[in-house]
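Student: Structure in structure tokens, see below.
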Amino acid sequence: MLSHLSIHQFALVDQLELEVLPGMSVITGETGAGKSILLDALGLALGDRAEADCVRHGAEKAEIGATFSMNERARLWLQQRDIPADDDAIILRRIISSEGRSRGYINGRPASASDLKEIGQLLIEIHSQHAHQRLLQKETPRQLLDAYGNLQLQASEVSLVWEEWQQHARRLNRLQEESAEVKAQRQLLTYQVEELRQLAPGATELDELESEHKRLANAENMLLNGQYALAACYGDDSGELAATQLTHQAMNRLGNIDDQHPLLNEARDLLQQAKIQLEEAAHSLQRYLDLVDINPHRLQQVENRLSDLYSMARKHQIAPQTLHAHWQEQEAALAELNLSDDDLAGLQQQVNALEQEYRQLAQGLSDARRTAAARMDSEVEAHFEALALGRARFVTQIEADVSKASRHGIDQIGFIVQTNPGMPAGPLAKVASGGELARISLAIQVVTAAVCETPSLIFDEVDVGIGGGTAERVGRLLRALGQDGQVLCVTHQPQVAAQAHQHYQVSKISGDNATHTQLRKLNDKQRSEEIARMLGGVNITQQTLAHAQEMLALVQ
């Protein structure tokens, strides 16, 4: 339930705090006093679109906060999004700057407008004075019936199977009804894949071939220079002294010097190390030269293979290094186009199975809707007499038509009404007058609100166009709804206001430089005066005041 509404610097409101209690609460006031401002502000806290002109003139920002008591559906919603959940309350907050930017918060955590709207639907339901116009929209009867019958989960299952069925059916149709363009594409792919298969480029083959080609092409030069370096290190048959031999002679000469001077000893150690390193270098060179292969035949093979790979890459207009990956992609594309008859048959079986599952679920939903419609129609008609609709009849018409199947099922749903006996029944939009439409809408709202899981209900001047005894009966309906929950009603009807458990008055105060809207909760005396004003206008007589007091006394 809504427990607190805080409004700062919004429209004509400087600062306003509203404590909302369980039961039925009404908000009344002169026309233009700002009753709608309260609901507009609450709407912003619930994710409605924010405009810059909603900020009070001269203020930098407007701020609206709404505190609700926790319920299980809202608690689950918060847990799924890792938003802190207090055991007792949910606080929604919206800040709008004078430039039109807005920020939203849920329990102190930043939230988008869509998040505020989504959780708001779990906390409160608003029935506006234009709700009867919504009845004329095509989708409304289905939405109201599914909500009344608690069929949303069943309808969701139908929608999910429908989407999967349609997805598979579209794929099947695409594959069955191949165009000439697709066939030409298959022909080209077949040719390209075949030549790639014959070439069969390896994933790392190009790098390996280029490395091998470099060695083979430079083998003669590598061998000549390597042998020269080996001879320089270790010697050959030419008779010239090699580095190892010269190093050995130097070591012998130094060994003939009878002196242990540190510098001399260092020279001896370095020569010994040099000799060892030269021998190791010679051994490594020898092993390397043993691997060098002057092989013109293999060189030609490598060059031919590289030429083939580069030519194929140019033909396909790709980098040579991506040739293998391109081949695999082309193979996959061809496999998709060459879906076998067995695969098509399997896909057809999937489509048939999903269609059958959809029809069964949709028929089950249709049957459940008919059962719920019978109950709803009876409950709606039960309020007609109280709403001065006489012997009008109301029927939720459900026509199951498989040819018009959709994600919402196989039903075409509409509201049919007969306003007078002997007159033909017809669609609500064509048969009912404006006043009748508003009262029928109210009956439907009362019935559907009674079974909804939302703990708080707001009715914004839904009693427009009625008066007298009908308005009193509407007030009783709203009071009955408030017995087990919370109803907040903005009204111009004294008969409705008299039925409330709590009464708030909105008034506009104009000063020399500014205009303010204020809200106050009325005590018994003030309430009698407000209802008298609603009954008699500006000049309240003792008779009018007595009438107001009598109306209040009859409710007790």
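Each reported figure results from applying straightforward, stated rules to the coordinates on display, with no laboratory input. Keep in mind that what you see is a predicted model, and the values were worked out from it rather than measured. When we count neighbours, we look across all protein chains shown, and the Cβ atoms used for this are built from the backbone with ideal geometry, even at glycine.
Student: Please list, or write none, the lysines whose alpha carbon is within less than 24 Å of the alpha carbon of LYS404, excluding same-chain residues fewer than 8 places away.
Tutor: The qualifying lysines are LYS138, LYS430.
Student: Shifting gears a bit: Which angle from 0 to 90°, rounded to the nearest 10, does the C-alpha axis of helix 180-199 make with the longest principal axis of the chain?
Tutor: That helix lies at roughly 30 degrees to the long axis.
Student: Below 11 angstrom from the Cβ of MET70, what's the summed charge of the other residues (Lys, Arg +1; Asp, Glu -1)?
Tutor: Around MET70, the surrounding residues sum to -2.
Student: So if I restrict to the alpha-carbon atoms in region 184-337, what is the Rg, and what is Dmax, the biggest pairwise distance, in Å?
Tutor: Here Rg and the maximum Cα pair distance are 27.8, 94 Å.
Student: Where does each of 470-479, 397-406, 58-67 land if you order them by average Cβ count within 10 Å, highest first?
Tutor: Highest-to-lowest ranking by the protection proxy: 470-479, 58-67, 397-406.
Student: Continuing with the same structure: Scan region 359-396 for GluC sites (Glu not before Pro) in coil per DSSP, keeping those whose Cβ has at most 15 other Cβ atoms within 10 Å, and list them by number.
Tutor: Counting only loop positions with at most 15 other Cβ atoms within 10 Å, the GluC sites (Glu not before Pro) in region 359-396 are GLU385.
Student: Can you compute the radius of gyration and Dmax for the chain, using only the Cα atoms, both in Å?
Tutor: Spelled out, the Cα radius of gyration and Dmax of the chain are 44.3, 144 Å.
Student: So in the chain, what percent of DSSP beta bridges are antiparallel if you round to the nearest 5?
Tutor: In the chain, DSSP labels about 70 percent of beta bridges as antiparallel.
Student: For ASP48, which sequence-distant residues (separation of 5 or more, or a different chain) have an amide H within less than 5 Å of its own amide H, given hydrogens modelled in the peptide plane?
Tutor: none
Student: Just want to confirm a number: the relative contact order over the chain, from Cα pairs under 8 angstrom separated by 6+ residues, in percent.
Tutor: Normalised by residue count, the contact order of the chain is 22 percent.
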